[in-house]
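Colleague: First, the structure itself, so that you have it in front of you.
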Amino acid sequence: MSAPFPSAFAGAQDEITRALDAALAGAGQGDRVLAAMRYTLLAPSKRVRAVLVRLAADVCGDGSRALAAAVAVECIHASSLILDDLPCMDDAPLRRGRPSAHVAHGEAVAVLAAFGLLNMAYGHLARAYPPAIAAKITTLYSDAVGLDGLIAGQAEDVLATDAVIDFTTLERIHRRKTGVLFSAAAQAGAVTAGANDAAIASLTAYAKNLGLAFQIVDDLLDVVGTPEETGKAVRADARKTTFVSFSGIDGARDLAAELCATAERALEPFGARANALRELARFVAGRRQ
Ligand code: GRG
């Protein structure tokens, strides 16, 4: 079953996109690197990680300070997309329905734009929050990017090309490549709202399962999606093990649904206040974009 991105989140998406635009405007004089940063950051995106920051803050009772943490997570995500698409990584020509950053701007400028976005994320947090909150969120995000996060997942993924890997390895790769940034986004949102440890633990359990489900559906869309839906030149890479090559289309779909159901169960302590997060989980389970 396919699902459009919930229209209830359109306001949050727009607010985030405007804030990203403003953050870039403050980033310095226009030059080629800035143009490439803008090209990637403002390309059509679901902004799902940023929406998650906001919803996590809302469910903890105060979404009013979430925006800067949402901006920072989108900068990190955009940085990772540029790097992921490079010829030395996934060698993807298309992203978000447009030529990838290195195709449009050249490889050197694209790499610098990725560093620029990552740098901007941390600077944005430092400027936006009191030092203690900025330090907490920066730690969450840098851990998520680091050697038990995106970088580790990407390294293992790239090195596993042409290798036979087991399910535990596949799951570890994608928990790190995708899941940890979802967890960090939810935790960061909760931190901006001054949440207690119990709330943060529930949101972490939710986001961890949601993030892995998101990646499984991404694998599914590489097989059953169209370039119009995904904005990618959809092609399953036969040299890599994916959740679909491992479990089949139906198996991968079942697994994603199971993870989303587990994610929803983690929201029980919040009651009806978490309905927007439930809606996000249902979108992820059935998404076509
Ligand atoms: C130093 C930041 C940094 C990263 C280095 C390259 C790398 C390590 C990691 C790659 C991580 C990656 C790109 C994982 C794929 C995650 C994924 C499912 C991306 C698609 O996300 P969507 O659908 O994209 O949310 P939109 O376009 O909607 O924003």
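Yes or no, residue by residue, for (1) within 9 Å of the ligand (Cβ to nearest atom); (2) surrounded by fewer than 24 Cβ atoms within 10 Å (Cβ to Cβ); (3) closer than 19 Å to D222 by Cα:
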residue: A78; (1), (2), (3): yes, no, no
residue: C88; (1), (2), (3): no, yes, no
residue: L94; (1), (2), (3): no, yes, yes
residue: R98; (1), (2), (3): no, yes, yes
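Colleague: Applying the selection to region 145-160, what residues are open to solvent by less than 40 Å² (accessible area, probe 1.4 Å) and in contact (Cβ under 8 Å) with a residue 40 or more places away in the chain?
Modeller: Taking region 145-160 and keeping what is open to solvent by less than 40 Å² (accessible area, probe 1.4 Å), we get 145-146, 149-150, 152-154, 157, 160.
Correct list: V145, L150, Q154, D157, A160.
Conditions tested, residue by residue: (1) farther than 22 Å from G225 by Cβ; (2) within 18 Å of the chain's Cα centre (by Cα); (3) open to solvent by less than 20 Å² (accessible area, probe 1.4 Å).
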residue: C75; (1), (2), (3): yes, yes, yes
residue: F115; (1), (2), (3): yes, yes, no
residue: T139; (1), (2), (3): yes, yes, no
residue: D143; (1), (2), (3): yes, yes, no
residue: V164; (1), (2), (3): yes, no, no
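Colleague: Could you please tell me which pairs satisfy a Cβ distance under 7 Å, a separation of 6+ or placement on different chains, a first residue in region 77-97 that is without any contact (Cβ under 8 Å) to a residue 60 or more places away in the chain and of a type in the set (S, T, N, Q), and a second residue that is near the ligand (Cβ under 6 Å from one of its atoms) and assigned to a strand (DSSP E or B)?
Modeller: Here the result reads none, with nothing in region 77-97 linked to a residue that is near the ligand (Cβ under 6 Å from one of its atoms) and assigned to a strand (DSSP E or B).
Colleague: Further question on the same structure: Enumerate the pairs (first residue in region 40-66 and buried (at least 23 other Cβ atoms within 10 Å of the Cβ); second residue anywhere and in a loop (DSSP other than H, G, I, E, B) and small (G, A, S)) with beta-carbon separation below 7 Å, excluding pairs fewer than 6 apart on the same chain, so at least 6 apart or on different chains.
Modeller: V53/A66; R54/G63; R54/A66; A57/G63; A57/A66; A57/A193; C60/A193; C60/A195
Colleague: Would you check if there is a residue in region 207-215 being in a helix (DSSP H, G or I) and surrounded by fewer than 21 Cβ atoms within 10 Å (Cβ to Cβ)? Don't jump to the end; show me each part of the working.
Modeller: Residues of region 207-215 that are in a helix (DSSP H, G or I), as a first pass: 207-215.
Remaining after also requiring surrounded by fewer than 21 Cβ atoms within 10 Å (Cβ to Cβ): 208.
Yes; the residues of region 207-215 include at least one that is in a helix (DSSP H, G or I) and surrounded by fewer than 21 Cβ atoms within 10 Å (Cβ to Cβ).
Colleague: Out of T230, T204, T192, which single residue is open to solvent by 30 Å² or more (accessible area, probe 1.4 Å) and out of contact with any Phe, Trp or Tyr (no Cβ under 7 Å at 6 or more places or on another chain)?
Modeller: Working: T230 fails: open to solvent by 30 Å² or more (accessible area, probe 1.4 Å); T192 fails: open to solvent by 30 Å² or more (accessible area, probe 1.4 Å).
None of the other options fit; the residue is T204.
Colleague: Is it the case that some residue within region 32-44 is within 25 Å of A274 (Cβ to Cβ) and of a type outside the set (K, R)? Step through it out loud before you land on a result.
Modeller: Quick first cut of region 32-44, residues within 25 Å of A274 (Cβ to Cβ) only: none.
Looking for residues that are within 25 Å of A274 (Cβ to Cβ) and of a type outside the set (K, R), one finds none in region 32-44, hence no.
Colleague: Within region 187-202, can one find any residue that is touching a residue at least 24 places away in the same chain (Cβ under 8 Å) and within 14 Å of the ligand (Cβ to nearest atom)? Working first, answer last.
Modeller: Taking region 187-202 and keeping what is touching a residue at least 24 places away in the same chain (Cβ under 8 Å), we get 187-195, 198-199, 202.
Adding the requirement that they be within 14 Å of the ligand (Cβ to nearest atom) leaves none.
Among the residues of region 187-202, not one is touching a residue at least 24 places away in the same chain (Cβ under 8 Å) and within 14 Å of the ligand (Cβ to nearest atom), which makes the answer no.
Colleague: I would also like to ask the following. Within region 240-289, work out how many residues are touching a Pro at 6+ places or on another chain (Cβ under 9 Å), in a helix (DSSP H, G or I) and either open to solvent by 20 Å² or more (accessible area, probe 1.4 Å) or among the charged types (D, E, K, R) (or both). Let's see the steps before the verdict.
Modeller: Pass one, region 240-289, residues touching a Pro at 6+ places or on another chain (Cβ under 9 Å): 276, 279-280, 282-283, 287-289.
If we keep only those that are in a helix (DSSP H, G or I) as well, we get 276, 279-280, 282-283.
From what is left, the residues that are either open to solvent by 20 Å² or more (accessible area, probe 1.4 Å) or among the charged types (D, E, K, R) (or both) are 276, 279, 282.
Total meeting the criteria: 3.
The values are calculated or read from the model by the stated rules, or taken from the named source; none is laboratory data. From a predicted model like this one, the values you see are computed outputs, not experimental measurements. Cβ sites come from the backbone with ideal geometry, for glycine too, and all protein chains shown count toward neighbours. Just so you know, the surface numbers come from the protein's heavy atoms only, side chains and all, with ligands and any DNA or RNA stripped out. Shrake-Rupley method; radii C 1.70, N 1.55, O 1.52, S 1.80 Å.
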